[in-house]
Amino acid sequence: MSSTSNTTVSTGGLPSRRNTELAMLVFAVLVPVLAYANVGLAKDGSLPAGMAGYGLGLGLLAGVTHLVVRRWAPYADPLMLPIAVLLNGLGLVLIWRLDQEPTITTPALGGPMAPNQLLWSAVGVALFLAVLLFLKDHRILQRYTYISMVVALFLLVMPLIPGIGRQVNGARIWVSLPGIGSLQPAEFAKIVIAVFFAGYLMVKRDALALASRRVLGLYLPRGRDLGPILVIWGISLMILVFETDLGTSLLFFGVFVIMLYVATERTSWIVFGLLLSAGGAVFVASFNSHVGERVDQWLNPLEYEPGYVTETAQVVFSFGSGGLLGSGLGQGYTRLIQGIAPKSDYILATVGEELGLAGLMAVILLYALLIERGFRTALAARDPFGKLLAMGLTAVFALQTFVVAGGVLGVIPLTGMTMPFLAQGGSSVIANWALIALLLRISDTARRPAPAPAPSLDAEETQVVRA
Amino acid sequence: MNKPMRRVAVFCGLLIVALLARANWVQFVQADELQNHSDNRRVLIERFAHPRGDIIVDGEPITGSTETDDTDFRYKRTYTDGELWASVTGFSSQVYGSTMLEGVEDDFLTGDDDRLFFNNTIDMLTGEDQRGGNVVTTLNTAAQRAAVEGLGDARGAVAAIDPRTGAILALASTPSYDPSTIAGSNDGEAWNALLRENNPDDPTLNRALRATYPPGSTFKIVTAAAALENGVVDDVDTETDTPTPYDLPDTNGERVDNQLDGRCENATLRVALIDSCNTVFAALSDEVGNEEMIDTAESFGYNQGQDLQVPIRVEESVYPEDNRPQNAQAGFGQASNRATPLQMAMVAASVANNGSLMEPYMVDRLVAPNLNVVEQHEPEEMSRPMSRETAQQLQSAMESVVEEGPSGPAAAIDGVRVGGKTGTAQRGENNSENPYAWFISYAMLDDESPVAVAVVVEDAEVERNEISGSGLAAPIAHDVMQAVLDSAN
């Protein structure tokens, strides 16, 4: 941690790095376009017909975002945008590549999904631009702390509202709105709730940190300060029980504990958090068959009735069959996972099988790099609200990445969440573009040169004023 | 706030490390096991992604590959004359695995064999698809056709070998089936119709190699060889000391009778073989003793467990350790000793080849797609069950069987020395079911025998008293030998 950008207050004069960003963006567009060509050559031996259009589309999105960042957030982090474009572009190629498999692209399964995903990506980029254009300073969000709370809670319970909520594959996390289509409100809630946590904790952190009794070397919080953590715990448990959404509840609770710890600098909060999540996990795993089943499959991925290979086993076979270097784009068999899952929840299986261990590690490292830039932004932010918000957004992104990738790879039980940018799903890609925009806004503020100190009068030469 | 932030960042770093470690575990450490897992459909997809190599008989492929519309399996196996060759090729099915030569030589036919690595690498560099190698067999189309046509609708089997080399010339098992009908991915109905529980004929059973039968009187050749080799009888024309009827030792007067009693008392081996005297061979087997009988049977190829492979695994023919009465009855092939048709062909072949049993085989060579011969079979002696003198005495006795016995007219071939032995093996409790008709024989040309054959016919649709080796089995053996002799000229 020796980089100069770690200091809370930069001394000014940091290069804006916009040209670096432009150069990276060229690669971020070029790599998916070449991957697109690769799929076409592998599948039909010719360049795919839509290649020019696809390349132009992606290039255009990247170009516009770059120009807006250059104009309205000139000191923003130069790496986040190229990584987001690259991941989004790769995701589009992977979905388009899976669209080439007739068995998982039947009309009953919704047909080809890449065109819609491109559309949603464009909407996501539009939201990204809107955030940068209209949110001149992230601190404005602080004013909406409690409104954020209400909005977040509303978004979280939306899938439970009869009429619009839908249950898919045992999890009730979808909402269908007439005219718009279906979306996952939790994807948006995660951003709004980070805003609420940041605003709330900024105000309450001293009370939470200082008013506590020391018992056995741990600082125990007062009962009234314990209230909010129990409320959040209760809400995440309810999400788990009523929506059977393991991922989202883990995400919310985890982010809250992390932000609480950062705000108060009290290790005891982590201990509390871990105890409460362990209790919740045991409770739910023993009472909910859906979650229990997931845990079983996680522990024994290759156990199934003879002849009925489970989805989990198919995913493990995909990764194993990829080996070190993979089968090459377009030449794997992740379609054996069946349904639309290979395009959404299990998109990493296609990365693993077709790009191999090498490609999978590269993609994981892209996420790691993005997360690292997020933490850097949090460290560099000058105001506590900005620090907490950047921290919260990055933690959301990091936890979601871990929960999805860990679930697909078998590090933890599988939960129904989408890999940010890579996986098929409109809500996810839109929400994540907004998340990146917020981080860029905070990092622009953080890295902006401090205003030049007011010139000291003493240093000036005495001037004679003649009337 | 920076200190806890750094800690959180380190924690997230650890999460990423966990992901990377797990990815390495699954995709590197476990990769091999997962890639070849029996439920990983990629294994099958890869198998049928390229045309298989062919199995070749007399220079002509008897198999082929055809492209299909199936999403998973691009190529399907075809067979030019499936029913004729099913006992040789077995099947290669997209669903039900592969058997017989298709199974044993699978790696070579798909091109996965290590010996094709160089060929595959060249193909990969020149952008060609992987190709499988060809399996060239020793079989003889005319002999196979004669065998299958001879068996007709009956259940039965024929095995014919070249005694000089051990090369298998015919290998028929009826009723047969067409492996083309179960080659695809959608052939469940045809498959179910072939299953033993739905089809008493059990067509996929290769009776020539995988079914064992009581050998009946054909086993008397083995007993005669044991008696001669062990000095119990001096030569085939010396009188034996064998009463008729023969009382089984260690029993309360259980007797062995003959169908044709006239000349059997104290008969010479030659007469005992011509008239098929059970009493003589029961007495000789008892005199030789169980241990020596086992030794002789094993030198003919019995009791080898799973070791006899041609390269298809051959079911074990057994001559077990047993008490005296059982051992005596085994001497005329009517006890717990059992044999495959191939085993009995090997018995005839070792007599014909002057006492030397050549290792049976049916794959002459493996040929890579670039026509390089990857493996060439060299004939090898498997054992010497008897001396040259014993073999020649048995030849003369077996030739007398054909000249003077009831099978004569059916088996004899003009201008060729033919030796044979009939057999009618009882089966069922107290002989309640129709017996098995056996015939083993060889033909001699210029003191060399180009063919030895064993035929077994299970209950054919004929009257019981017509079921005899000479009536049913001998004509088939004749046709097979004739076909081999004709194609040699």
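The values are calculated or read from the model by the stated rules, or taken from the named source; none is laboratory data. The shown structure was predicted, so the numbers you read here are calculated from the model rather than taken from an experiment. For neighbour counting, all protein chains shown are included, and Cβ atoms are generated from backbone atoms with ideal geometry for every residue, glycine included. Quick note on the areas: whole protein, heavy atoms, side chains included, nothing else; ligands and nucleic acids left out. Shrake-Rupley method; radii C 1.70, N 1.55, O 1.52, S 1.80 Å.
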**Item:** ³J(HN,Hα) computed for each position of the stretch A:145-151 - Karplus, 6.51 cos²θ - 1.76 cosθ + 1.60, integer Hz, glycine/proline x
**Value:** 3, 7, 4, 4, 4, 4, 4
**Request:** Enumerate the calculated ³J(HN,Hα) couplings along the stretch B:160-169 in order (Karplus 6.51 cos²θ - 1.76 cosθ + 1.60, θ = phi - 60°), each rounded to whole Hz, writing x wherever the residue is Gly or Pro.
**Result:** 10, 10, 8, x, 5, 10, x, 5, 7, 9
**Request:** Rounded to the nearest Å, what's the spacing between the alpha carbon centres of the stretch B:1-62 and the stretch B:204-233? Just the number, please.
**Result:** 53 Å
**Message:** With the crude spin-label approximation of a point 7 Å out along Cα→Cβ, what separation in nm comes out for B:Asn36 versus B:Asn24?
**Reply:** 2.4 nm
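How large is the direction-averaged shadow of the alpha-carbon convex hull of chain B, in nm²? Walk me through the intermediate numbers first.
Details: hull surface 127.2 nm².
Here the figure is 31.8 nm², rounded to one decimal.
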**Mean separation of Cα contacts under 8 Å (6+ apart) over length of chain A, as relative contact order %** = 24 percent
**Asked** Over the protein assembly as shown, with a single point scatterer placed on each C-alpha, what log10 of the ratio I(q)/I(0) does the Debye formula yield at q = 0.09 1/Å?
**Response** -0.91
**Asked** Which value, in Å² and to the nearest 10, is the accessible area of B:Tyr96 when all protein chains are kept and the probe is 1.4 Å?
**Response** 70 Å²
**Request:** Using packing as a proxy for protection, rank A:398-410, A:292-304 so that the peptide with the highest average count of other Cβ atoms within 10 Å comes first.
**Result:** A:398-410, A:292-304
**Asked** Farthest toward the dipole's positive end in chain B, which of B:Ser173, B:Pro475, B:Gly262, given Cβ charges of +1 (Lys, Arg) and -1 (Asp, Glu) about the Cα centre?
**Response** B:Ser173
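Per the 1.4 Å probe, what fraction of the accessible area of the protein assembly as shown, in percent, lies on carbon and sulfur atoms?
Values: 21890 of 39840 Å².
It is 55 percent, rounded to a whole number.
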**Complete:** With label points set 7 Å from each Cα along the Cα-to-Cβ direction at B:Gln426 and B:Leu371, the distance between them in nm comes to 6.1 nm
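Kirkwood-based Rg over Rh for the stretch B:1-88 (C-alpha set), two decimals?
1.43
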**Request:** Show which lysines lie in cross-link reach of A:Lys136 when reach means a straight Cα distance below 25 angstrom and same-chain residues fewer than eight apart are skipped.
**Result:** A:Lys190, A:Lys387
**Prompt:** Counting Lys and Arg as +1 and Asp and Glu as -1, each charge on the Cβ, what is the dipole of the stretch A:4-449 about the Cα centre in debye, to the nearest 20?
**Reply:** 1800 debye
**Asked** About the Cα centre of the stretch B:335-403, what is the dipole size in debye to 20, counting +1 per Lys and Arg Cβ and -1 per Asp and Glu Cβ, all else neutral?
**Response** 200 debye
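Taking beta carbons within 10 Å but only from partner chains, what does the mean come to for residues A:405-411?
On the way: counts 7, 4, 0, 2, 9, 4, 8.
Average per residue, whole number: 5.
Divide, for the stretch A:4-449, the radius of gyration over alpha carbons by 2.2 N^0.38 Å, where N is the residue count.
Scaled against compact globular proteins, the figure is 0.98.
Among bridges DSSP assigns within the protein assembly as shown, what percent are antiparallel (round to 5)?
Numbers: 65 of 68 bridges.
Restricted to the protein assembly as shown, the bridges split so that about 95 percent are antiparallel.
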**Fill in**
As straight-line cross-link partners of A:Lys43, the qualifying aspartates and glutamates (C-alpha separation under 17 Å, not fewer than 8 residues apart within one chain) are A:Asp99, A:Glu101, A:Glu353, A:Glu354, B:Glu46, B:Asp69, B:Asp70, B:Asp72, B:Glu128, B:Asp129
**Item:** Extension gain (nm, one decimal) between A:Leu153 and A:His290, 0.36 nm per residue minus Cα-Cα
**Value:** 46.9 nm
**Complete:** Scalar couplings 3J(HN,Hα) for the stretch B:62-72 by Karplus 6.51 cos²θ - 1.76 cosθ + 1.60 (θ = phi - 60°), nearest whole Hz, x for Gly and Pro, are 9, 10, x, 9, 10, 7, 10, 8, 4, 5, 8
**Complete:** Between A:Ser176 and B:Ser487, the two model label points (7 Å from Cα along the beta-carbon direction) sit apart by a distance in nm of 6.8 nm
